[in-house]
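**Student:** First the structure, then my questions, so here it is.
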Amino acid sequence: MTDMNEWNQKVIKEFRENGGKVEQFGEMPLVILHTIGAKSGQLREIPLVPQVDGEDLTVFGSAGGSPKHPDWVFNLRGTPRITVEYGTESFEADVVELPADEAATRLTRMGETFGNFAEYVESAAPRRIPAFAINRV
């Protein structure tokens, strides 16, 4: 396992043991996306910080401001119906990639809430960070 995979597994374990809370994230919400690998066809579990707006959840392919999309972006584009864990619940969802203008608006709002997201936009440029709405089925 790579360091990132090991880190993800520790976050997922703590998330599940503590009702969706992970100490290093403080009060920030987390979700775990259960995606299907676009190349491998294997189940992948990805912990992410979503934007929460009432019942609406949005996740961003920021990859920490990397110039490349994270692998899970391609997984969602290939198989958009997934399982999502949020807090203590698990549910099926269709994940829809948002148009660039709406993605930019939501990302700006996310940057206002969590400052590092604003930095990710700058460091990822010229790559546009995709945003995905999580729609419960």
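The values are calculated or read from the model by the stated rules, or taken from the named source; none is laboratory data. Keep in mind that this is a model prediction, so the values were computed, not measured. Counting neighbours? That spans all protein chains shown, and the Cβs are built from the backbone with ideal geometry, glycine included. Accessible surface is based on the protein model in full, side chains and every heavy atom, while ligands, DNA and RNA are left aside. Shrake-Rupley method; radii C 1.70, N 1.55, O 1.52, S 1.80 Å.
**Student:** Determine, at each q value in 0.13, 0.18 (inverse angstroms), the log₁₀ of I(q)/I(0) that the Debye formula gives when each Cα of segment 28-94 is one equal point scatterer.
**Tutor:** -0.35, -0.67
**Student:** Note down the accessible area of GLU112, probe 1.4 Å, to the nearest 10 Å².
**Tutor:** 140
**Student:** Please work out the FRET efficiency for the pair ASN135 and THR113, using the Cβ-Cβ distance as r and a Förster radius of 22 Å; give the result to the nearest 0.05.
**Tutor:** 0.55
**Student:** If each DSSP helix of 4+ residues adds -39,500 (n - 2.57) and the sum is divided by the residues in the chain, what number results at 222 nm, nearest 500 deg cm²/dmol?
**Tutor:** Only helices count here, giving -10500 deg cm²/dmol.
**Student:** Probe 1.4 Å, all protein chains in place: accessible area of TYR120 in Å², nearest 10?
**Tutor:** Approximately 50 Å² of TYR120 is accessible to the 1.4 Å probe.
**Student:** More than 25 angstrom separation, counting every C-alpha pair in the chain; what % is that?
**Tutor:** The answer is 21 percent, as a whole percent.
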